[in-house]
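Please treat every number below as a calculation from the coordinates, not as lab data. Small disclaimer: the values here were computed from a predicted structure and weren't measured. Counting neighbours? That spans all protein chains shown, and the Cβs are built from the backbone with ideal geometry, glycine included.
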Amino acid sequence: MEKYCEMQAGRLVIYVPRELDHHEAGRLKMEADLLIDAYHVKNLVFDFSNTEFMDSSGIGVIIGRCRNIGYYGGEAVAQNLNDRVKKIFRVSGLHTLIPTVETGKNRQKGNGSI
């Protein structure tokens, strides 16, 4: 099973899978919520480096984790969005909820920064 989350320098980085659909959304949600609650995470980074598809289940997971992090007074950002994911952000309204950053880094785990 793929690992989605990694603590890095006091922040939780979520590596969004290639396809964030109904099947992957539940696992990502469970792993992220466990770490957010355990570490009282205040900085959350969604890394979309490898993501090519996201359905409404995936969008819901992203929104839910942003709300959870907000309960702790934290913030979330999204990085490494390709054109397809940017379009999903615009159409779904995620772009109004989550700031995006361009890192200019390679699309590998651990290479993004905020």
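Some observations on this one:
- Average Cα contact separation per residue, the range 5-101, under 8 Å, 6 or more apart, as relative contact order %: 29
- Distance between the C-alpha centres of the range 14-44 and the range 46-91: 10 Å, rounded to the whole angstrom.
- Each residue of the range 19-32 is assigned a 3J(HN,Hα), and the resulting list reads 10, 9, 10, 3, 5, 7, 4, x, 5, 4, 4, 5, 5, 5 Hz, derived from the Karplus form 6.51 cos²θ - 1.76 cosθ + 1.60 (θ = phi - 60°), x at Gly and Pro.
- Net charge of neighbours whose Cβ lies under 13 Å from the Cβ of Asp83, counting Lys and Arg as +1 and Asp and Glu as -1: +2
- Sites listed here are GluC sites (Glu not before Pro) in the range 1-77 whose DSSP assignment is loop and whose Cβ has at most 14 other Cβ atoms within 10 Å: Glu2, Glu52.
- Nearest-0.05 FRET efficiency for Ser56 and Glu19, computed from C-beta distance (R0 22 Å): 0.95
- Of all DSSP beta bridges in the chain, antiparallel share, percent nearest 5: 25
- Across q = 0.18 Å⁻¹, the range 1-42 modelled as identical point scatterers on its alpha-carbon atoms has Debye log10 I(q)/I(0) values of -0.48, in the order of the q list.
- Restricting attention to the chain, the count of lysine pairs at 8 or more positions apart or across chains with alpha carbons under 22 Å apart stands at 11.
- Shape annotation for the range 5-101: C-alpha extents along the principal axes are 32, 26, 20 Å, from largest to smallest.
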